[in-house]
Amino acid sequence: MTTVALMGNPNTGKTTIFNQITDTYAYVGNWTGVTVEKKMGNIKHSEIVVTDLPGIYSLNPITKDESVAINYLLTDDADIILNVTNAGQLKRNLLLSIELLEFGRPTVIALNMIDDLKRSGIYYDINTLSERLGCHIETTNARNKDGVKELRDELLNMPADELPDGSALELDYPFMVKQAIRQASEKLVSDYDMKPAFARWIAIQYINKNKIIRKYAVKNDLKPLLEQQGYYDAQNFENKIFNTRLSFIDTTLTAATKNLKSTKNVEM
Ligand code: GDP
Ligand code: K
Ligand code: MG
């Protein structure tokens, strides 16, 4: 069975898209320990199961409800990630997308609310975005179902195999950060037999002070492998990681931005 994790910032249209791509869906109660509803359903005419996850701005949760998303990734149940974004707020939305793309699973990003973006006169070159982010991109207006069938077809046609090692998104973090990530993930691979992409993602999240990952590390005895006597925290690595992500987003959006008013050949 192939599973799709539906993730994104709050109010980007996740549930609207979920309702459109799934047929009969099951409410399977609540997630453990939290009040948010667990909603799963099959993509129409398929065995692919989509799980609608609570909206989040980052994988480092502030509330218990938000912790559902990263816990879902940690249980290793997601074959494919569907990241729904508000196309008009990509600068902010892509911060989460980066964390998801670093996870290294086949990913589709839906640029939803494309109607709002069009009204603003800005448009993105989808091929440029897709190349730079290393994932599939579909534009949608879930309110009137534009692009939703294409999005569903994209999911149906995606091989659910894990991406080959080394094909997860790798940002050009400052040297010290990269070195820390490499050392930590190499230890996780060699001493813990972890898959390289997963180890790298765990290392980044750990260094970035993700609460859930730190608990996970303690629980699974990874802390001695990862921790260098508070070295990561003393280096203030999370600022460096944040700044690298922001500048990657800036460069990506600048490269991909088209101004509808000044461009004739616009891909729609
Ligand atoms: P979620 O919080 O991510 O699950 O978002 P919802 O699916 O609940 O949608 C939030 C609001 O955005 C609802 O009022 C939707 O009708 C609206 N919405 C969803 N998709 C679109 C879209 O593509 N364009 C516009 N203009 N509104 C949308
Ligand atoms: K909502
Ligand atoms: Mg929702």
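What to note about this one:
- To put it simply, the accessible area of the chain at a 1.4 Å probe is 49 percent carbon and sulfur.
- In this structure, the amide hydrogen of residue 139, modeled 1.01 Å from its nitrogen in the peptide plane, lies closer than 5 angstrom to those of 111, counting only residues at least 5 positions away or on a different chain.
- Computed from Cα atoms, the angle from the helix 175-192 axis to the main principal axis of the chain rounds to 80 degrees.
- Counting charges near residue 215 (Lys, Arg +1; Asp, Glu -1) among other residues having Cβ under 15 Å from its Cβ returns a value of +3.
- Helix 90-101 axis, angle to the chain major axis (alpha carbon atoms, nearest 10°): 50 degrees
- Charge dipole (the chain, unit charges on Cβ, about Cα centre) - positive-most of 103, 86, 49: 86
- Couplings 3J(HN,Hα) of the stretch 57-62, computed from phi: 9, 7, 6, 8, x, 9 Hz, in residue order, whole Hz [Karplus 6.51 cos²θ - 1.76 cosθ + 1.60, θ = phi - 60°; x for Gly and Pro].
- Dipole in debye (nearest 20) - the stretch 175-259, about Cα centre, beta carbon charges: Lys, Arg +1; Asp, Glu -1: 220 debye
- Interchain or long-range residues, amide H under 5 Å from residue 102's placed H: 169
- Between amide H atoms placed 1.01 Å from N, distances below 5 Å from residue 48 occur with 43, all of them 5 or more places distant or on a separate chain.
- Across the chain, the volume of the C-alpha convex hull divided among the residues equals 127 Å³ per residue.
- Length-normalised contact order for the stretch 148-223 - Cα pairs under 8 Å, 6+ apart - percent: 21 percent
- Relative contact order [Cα under 8 Å, 6+ residues apart], the stretch 3-157, whole percent: 24 percent
- Whole-number percent relative contact order across the chain, with pairs defined as alpha carbons under 8 Å at least 6 apart: 19 percent
- Whole-Å distance, taken between Cα centres, linking the stretch 131-157 and the stretch 105-125: 10 Å
The values are calculated or read from the model by the stated rules, or taken from the named source; none is laboratory data. Because the structure is a prediction, the values reported are computed rather than measured. As a convention, Cβ positions derive from the backbone with ideal geometry for all residues, glycine included, and neighbour counts pool all protein chains shown. What goes into the accessible areas is simple: the full protein's heavy atoms, side chains included, and nothing from ligands, DNA or RNA. Shrake-Rupley method; radii C 1.70, N 1.55, O 1.52, S 1.80 Å.
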